[in-house]
Amino acid sequence: MTDVALRPTALDALKARVTVLVGHFGAGKTELAVNLAIGLAGRGETVSLIDADLVKPYFRSRLLRDELAEQGVDLVAPHGDQFYADLPILVPEVAGAVGQAEAGLRRVIVDAGGSDVGARVLGAVGGLRNPALTDVLFVVNGNRPFAEEVAGVVTMLRQVETASKLVVNGLVANTHLMSETTRDVIEAGLALAEAVSRETGLPVRFWSAMGAATGPCWQDVDDRGWPLLRLTKRIVSPIDNPPAGRRRRSTVI
């Protein structure tokens with residue numbers, strides 16, 4: 001068994017210039033997108049995070065505009081009076097960011113909306129259909145409705161592909177319960193992702209969980225050697241207390 005501390009991380013597993021995260025509603029795509037973007041920026045990469053979630057107004061990556069800027073991440077989202085609007089707006093800067101990624105000038109993380117409904121907008125961004133440029137990763141979270149069994153996950157994956165006109169080429173195992181995550185939750189989530197991988201032939205690119213669940217005493221929770229993303233909770237809902245040292249950001253107007 002490989003020591004978790006010595007394994008490649010999720011950031012090492014991102015090989016393409018553009019990474020698109022898709023999956024069920026509430027699968028954790030936004031938290032993943034923000035953590036990945038900040039992680040890449042911390043490595044000295046030029047990074048854009050595209051907020052393409054046109055479905056869910058309360059948990060969008062755009063709500064972390066200031067924090068992302070402080071971390072060196074360029075946020076691509078509606079601006080001005082449209083920034084907080086609950087409207088299906090995909091700004092022209094999206095194509096520009098993807099074009100720069102194609103030219104090798106930056107890395108891009110795309111936070112898509114949930115389910116096939118949220119993924120539909122991705123079909124409007126032509127550059128994303130280039131498999132040499134883009135990885136499309138389906139986030140598997142067994143704690144979401146209709147995602148508890150392999151069949152439900154695969155059905156949604158195919159629906160996302162049809163709606164987005166993109167081909168999923170990898171999986172992310174993201175089954176956790178944030179601060180209430182237990183070893184059993186992690187193990188069940190990894191087993192589900194592995195079963196989906198067998199059914200679809202798609203590799204699991206990495207797995208993730210909130211920090212407390214991935215400490216030293218958890219090094220043996222995964223014996224598959226998959227890269228790990230240790231998540232830092234950054235998305236704060238309107239009813240949550242903000243993390244220590246951070247003030248609450250406006251979420252809706």
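The values are calculated or read from the model by the stated rules, or taken from the named source; none is laboratory data. All values reported here derive from a predicted model rather than from experimental measurement. Reconstructed Cβ throughout: ideal geometry from the backbone, glycine too, with neighbour counts over all protein chains shown.
Scanning the range 92-116 for residues that are at positive phi and buried (at least 16 other Cβ atoms within 10 Å of the Cβ) yields one hit, SER115.
Among the candidates ALA119, ALA163, ALA132, the residue that is part of a loop (DSSP other than H, G, I, E, B) and either surrounded by 15 or more Cβ atoms within 10 Å (Cβ to Cβ) or modelled with pLDDT under 95 (or both) is uniquely ALA132.
Considering the range 196-223, and only residues there that are surrounded by fewer than 16 Cβ atoms within 10 Å (Cβ to Cβ) and at pLDDT 85 or above, the residue that is nearest to MET178 (Cα to Cα) turns out to be PRO203.
Among the residues that make up the range 50-66, is at least one of them polar (S, T, N, Q), modelled with pLDDT of 80 or more and within 20 Å of ILE235 (Cβ to Cβ)?
Narrowing the range 50-66 to residues polar (S, T, N, Q): 61.
Next, from what is left, pick out any that are modelled with pLDDT of 80 or more: none.
No: the range 50-66 contains no residue that is polar (S, T, N, Q), modelled with pLDDT of 80 or more and within 20 Å of ILE235 (Cβ to Cβ).
Restricting attention to the range 135-152, the residues that are modelled with pLDDT under 95, surrounded by 16 or more Cβ atoms within 10 Å (Cβ to Cβ) and touching a helix residue (DSSP H, G or I) at 6+ places or on another chain (Cβ under 6 Å) total 2. Has the range 199-207 got at least one residue that is out of contact with any Phe, Trp or Tyr (no Cβ under 6 Å at 6 or more places or on another chain), over 18 Å from ALA16 (Cβ atoms) and of a type outside the set (Ser, Thr, Tyr)? The answer is yes; a qualifying residue exists.
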